[in-house]
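The values are calculated or read from the model by the stated rules, or taken from the named source; none is laboratory data. A quick note: this is a predicted structure, and the numbers were derived from the prediction, not measured. Please note: Cβ atoms are built from the backbone with ideal geometry, for glycine as well, and neighbour counts cover all protein chains shown. Each accessible area value is taken on the protein alone, full model and side chains, heavy atoms only, with ligands, DNA and RNA left out. Shrake-Rupley method; radii C 1.70, N 1.55, O 1.52, S 1.80 Å.
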Amino acid sequence: MNILFLSPWLPWPPFSGARIRILETLRYLSRGHRVTLLSTVRRTEEVEQASALNGSCERIVTTVLSDRTQAVLRRLSLGLVRGRALIQSFHYDSNLAQQVSRLTSQDSWDIIHVEFPFLAPYMSAVSPRSRAKKVLSMHNIESVRFHRELQFASPMARRILIRCDRFFFESWEKRAIRRFDGITGVSELDRRWIQRYAPTAAVELVPNGVDTQYFSSAWSSKPGLPLVFTGQMDHPPNVDAVVWFCNEILPILRRKAPGLCIKIVGSKPHQKVLELGKKEGVEVTGEVADIRPYLAESSALVVPLRSGGGTRLKILQAMAMGRPVVSTTLGAEGLDVTPEENILIADTPDQFVNHIVRLLASPETASRLGTAGRRLVVQKYDWPLCLRRLESLYERLLRDEPHPATHLAQGESALGA
């Protein structure tokens, strides 16, 4: 297949879950297909990072989309005039649209693959002569994520911004996904939402995965005492999670387990996260070259997420390394996990405290959970297993096979309805 692949960023360095998924998708597809990556960069020097993607795609085409305040405000203002959601306006580049038009006019494509629904407006630039099937990869349901974030967002200005964007984006997101022949979701909840609002599209569940060889349990032979949280640390749900944990849960834990600490590992730490680093028992690392040593030298991964969407690669990475995971219900949403068998679920400070104290007191329990978690991801979440579903969707679309009609049971509602 000849695939034109649109991404909002070059997926290097892969410091966030979204970039990891995009990078793994490119690597998988490039093994058997011709892939051209079309992406914006924020600065011209980022183009140099494209060399790290050699072997992951045949060709890379980039345009510069400035992140300077004046340029961003200009894009957002123009978007408001045109009734666009703020997130879509932030990522829209007329130069990229021109590249879409040029490439689809000059070359023959089998698939036009688009990451995130906020890139859907670029489909208007596709040449009318193109016969390519259009496929959208959804990492989460943005309008649902905004709804959840509203409960915990601060300050008030951000709550107002989220309300405004949710108002625009909820209807826009539903319209945007109808522009595609095929759509992938990462969880069963996402799949049901997509099927409800894009009933004519072929929908495939393509869950997040993990490189089970790179994240190996061999690293985990000498676990240490610290807890660990990993992620991009300017992402609002991650910020809320660690602030809640460090303020409400960690002080209780340290009274029961003096000396216990948490390492917050991830790039771009928000100022609120940096402030946490001043607390006793909290270490904020910032971006690290390799998160595996931090997972290996931990007693558990904690995932105290109270908002967000999609599925969490951090859980899969920790499980692949044989580390026990303590997560909220929402944090583990969409993953085929079984509480007490391969994960511990906690939705209150007391539940987090009880589970973590139990793990510290019982290495056998920690080992049992870690072994079961590793077994789960090897069997169900290795990247090739997950991404084969995407390839199957491509093949089905190119054969013009009808997809099963979606029927919701009477009285049943999809997430976000």
For the stretch 245-260, take each phi angle, set θ = phi - 60°, evaluate the Karplus expression 6.51 cos²θ - 1.76 cosθ + 1.60, and give the result in whole Hz per residue in order, putting x for glycine and proline. 5, 6, 8, 9, 10, 4, x, 5, 4, 5, 6, 8, 9, x, x, 5
How much accessible area does Asp336 have with a 1.4 Å probe, in Å² rounded to the nearest 10? 70 Å²
Restricting to DSSP H runs of at least four residues, report the calculated mean residue ellipticity at 222 nm for the chain, -39500 (n - 2.57) per run over all residues, nearest 500 deg cm²/dmol. -12500 deg cm²/dmol
Karplus 3J(HN,Hα) series, Hz, for the stretch 294-304 with 6.51 cos²θ - 1.76 cosθ + 1.60 (x for Gly, Pro): 5, 5, 5, 9, 10, 8, 5, 8, 9, 10, x
For the stretch 47-141, listing trypsin sites (Lys or Arg not before Pro) in a DSSP loop whose Cβ sees at most 11 other Cβ atoms within 10 Å gives Arg68, Arg82, Arg129, Arg131
List every residue whose amide H lies under 5 Å from the amide H of Ile183, counting only residues 5 or more places away in sequence or on a different chain, with H placed 1.01 Å from N in the peptide plane. Leu136, Ala202, Val203, Glu204
For a quick check of your reading of the filter: which GluC sites (Glu not before Pro) in the stretch 299-342 sit in a DSSP loop and have no more than 13 other Cβ atoms within 10 Å? Glu340, Glu341
At a Cα cut-off below 16 Å, give the aspartates and glutamates reachable from Lys133, other chains included and same-chain residues fewer than 8 away excluded. Asp107, Asp110, Glu115, Asp181, Glu204, Glu391, Glu395, Asp400, Glu401
Taking the Cα centre of the stretch 204-294 as origin, work out the dipole magnitude from +1 charges on Lys and Arg Cβ and -1 charges on Asp and Glu Cβ, in debye rounded to 20. 500 debye
Under 5 Å between amide H atoms, partner at least 5 residues away or on a different chain: which partners does Thr63 have, H built in plane at 1.01 Å? Ser39, Thr40, Val41
Of all accessible surface on the stretch 39-95 at a 1.4 Å probe, what whole percent is carbon and sulfur? 50 percent
Anything over 29 Å Cα to Cα? Flag those among Lys256/Lys278; Lys268/Lys380; Lys174/Lys263, in the order listed. Lys268/Lys380; Lys174/Lys263
Summing +1 for each Lys or Arg and -1 for each Asp or Glu, what net charge is found among the other residues whose Cβ lies under 15 Å from the Cβ of Val282? +1
Cα shape, the stretch 317-384, gyration tensor, a/c 1.5 rule: oblate
Using the Cα centre as the reference, give the magnitude of the dipole from point charges on the C-beta atoms of the chain (Lys, Arg: +1; Asp, Glu: -1; all else neutral), rounded to the nearest 20 debye. 620 debye
Amide H proximity to Ala346 below 5 Å, modelled H, separation 5+ or other chain, gives Ser327, Thr328, Thr329
Could I have the simple spin-label model distance between Gln379 and Tyr214, label points 7 Å from Cα toward Cβ, reported in nm to one decimal? 2.5 nm
Looking at Pro117, Tyr294, His235, which one has the Cα that reaches farthest to the positive end of the dipole of the chain (charges on Cβ: Lys, Arg +1; Asp, Glu -1)? Pro117
With Cβ to Cβ distances under 11 Å as the rule, what net charge do the other residues near Thr25 carry (K, R +1; D, E -1)? 0
Ignoring ligands, DNA and RNA, how do His270, His113 rank by accessible area with a 1.4 Å probe, largest first? His270, His113
In whole Hz, the Karplus estimates of ³J(HN,Hα) for the stretch 338-349 (6.51, -1.76, 1.60; θ = phi - 60°; x where Gly or Pro) are 10, x, 6, 9, 9, 7, 10, 10, 9, 10, 10, x
Charge context of Gly334, other residues only, Cβ under 9 angstrom, K/R +1, D/E -1: -3
In Å², what does the accessible area per residue of the chain work out to with a 1.4 Å probe? 43 Å²
Which loop-located chymotrypsin sites (Phe, Trp or Tyr not before Pro) does the stretch 1-72 contain, where loop means any DSSP state but H, G, I, E or B and the Cβ has at most 12 other Cβ atoms within 10 Å? none
Sorting Met1, Gly55, Pro13 by the position of each Cα along the dipole of the stretch 1-97 (Lys, Arg +1; Asp, Glu -1; all at Cβ), the one nearest the positive end of that ordering is Met1
